[in-house]
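Structure first, then comments.
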């Protein structure tokens, strides 16, 4: 599933291409991932794109509606979550559309913004400016914006650190890849309890998360299977992975074999030598 660096990569591409463009048409295929299709169809055509932002794992496209009254132009946010296989790509109108393309937004410059999603685990909805704060209020803090003091307070809970980092109500945008990579860099086992981490360990983890995310954004994310940016190009950070997906491969630091366990329902990769488990030892991986 695309995480913060992948979504940020898409947003930066869209931000360079979309602001100032007017949406002249909307065509829909399958719509089971769209909340309130009728609202989307009524509000989007004729709107002018003002900005593109990222909210955790959500892409936000702010649009000025042509349907205002008394000279005003109300604004809406098109929020898009890419799910596992979603792609949000700008291309020439009339160019062949890949299978499983479900949304076509025609622009006023002979291009289209297309949403393609094989498994349709993504989400799309329209909110107005007044509805956005309540939506964002259900999400946690941006990990690249949180202060160390707030980060330390947020992880001071009786829960496994991997589970805390994955919880979108704690930090928005972190996912399986970058929590594993950050914990490996910080030498912290994914099953350590957050409230048991020493102040120095919290400081190291805070810095590791910021470094991993910054490096991943610079390399345009990780293309494990389906991810491409807004121009259809893959990312490169998967070449830098030190833990994620490397079960039975040697640790880049010590040479021990990377192991896999299940934490918070997700596969978690770690080095049993560098990342000591609770009570000084790593637990064996779960089978099955």
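The values are calculated or read from the model by the stated rules, or taken from the named source; none is laboratory data. Treat the numbers as computed from the prediction; the structure is a model and nothing was measured. All Cβ positions, glycine included, derive from the backbone under ideal geometry; neighbour counts span all protein chains shown.
Scan region 102-115 and give yes if some residue there is surrounded by fewer than 18 Cβ atoms within 10 Å (Cβ to Cβ) and over 22 Å from residue 18 (Cβ atoms), otherwise no.
Checking region 102-115: not a single residue is surrounded by fewer than 18 Cβ atoms within 10 Å (Cβ to Cβ) and over 22 Å from residue 18 (Cβ atoms).
Can you name every residue in region 2-32 that is more than 22 Å from residue 92 (Cα to Cα), crowded, with 17+ Cβ neighbours inside 10 Å and out of contact with any strand residue (DSSP E or B) (no Cβ under 6 Å at 6 or more places or on another chain)?
Hits for region 2-32 are 2, 3, 4, 5, 6.
Residue by residue through region 87-126, note down the ones that are farther than 17 Å from residue 10 by Cα and in contact with a helix residue (DSSP H, G or I) (Cβ under 6 Å, 6 or more places away or on another chain).
Residue satisfying the conditions is 126 alone.
Could you list all residues from region 1-54 that are touching a helix residue (DSSP H, G or I) at 6+ places or on another chain (Cβ under 6 Å), closer than 28 Å to residue 267 by Cα and not in a helix (DSSP H, G or I)?
Matches in region 1-54: 3, 54.
Within region 68-99, restricting attention to residues that are free of Cβ contacts under 8 Å to residues at least 40 places away in the same chain and surrounded by 14 or more Cβ atoms within 10 Å (Cβ to Cβ), which residue is farthest from residue 35 (Cα to Cα)?
Out of the qualifying residues, it is 93.
Listed here are the residues, each with its yes/no results for (1) at pLDDT 95 or above; (2) surrounded by 14 or more Cβ atoms within 10 Å (Cβ to Cβ); (3) farther than 27 Å from residue 196 by Cα.
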residue	(1), (2), (3)
235	no, yes, yes
249	yes, no, yes
252	yes, yes, no
272	yes, yes, no
281	no, no, no
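Taking only region 115-152 into account, find how many residues are on the phi > 0 side of the Ramachandran plot and assigned by TED's automatic domain parsing to the domain that holds residue 169.
Keep residues of region 115-152 that are on the phi > 0 side of the Ramachandran plot, which gives 120.
Okay, now just the ones that are also assigned by TED's automatic domain parsing to the domain that holds residue 169, so none.
Going through region 115-152 one residue at a time, the tally reaches 0.
Does region 152-159 contain any residue that is within 21 Å of residue 59 (Cβ to Cβ), out of contact with any strand residue (DSSP E or B) (no Cβ under 7 Å at 6 or more places or on another chain) and surrounded by fewer than 20 Cβ atoms within 10 Å (Cβ to Cβ)? It would help to see each step written out before you state the result.
Filtering region 152-159 for residues within 21 Å of residue 59 (Cβ to Cβ) gives none.
Checked against the condition, which is being within 21 Å of residue 59 (Cβ to Cβ), out of contact with any strand residue (DSSP E or B) (no Cβ under 7 Å at 6 or more places or on another chain) and surrounded by fewer than 20 Cβ atoms within 10 Å (Cβ to Cβ), region 152-159 yields no hits at all.
Condition first: without any contact (Cβ under 8 Å) to a residue 12 or more places away in the chain and more than 20 Å from residue 227 (Cα to Cα). Can you find one or more residues in region 47-67 that meet it?
Looking for residues that are without any contact (Cβ under 8 Å) to a residue 12 or more places away in the chain and more than 20 Å from residue 227 (Cα to Cα), one finds none in region 47-67, hence no.
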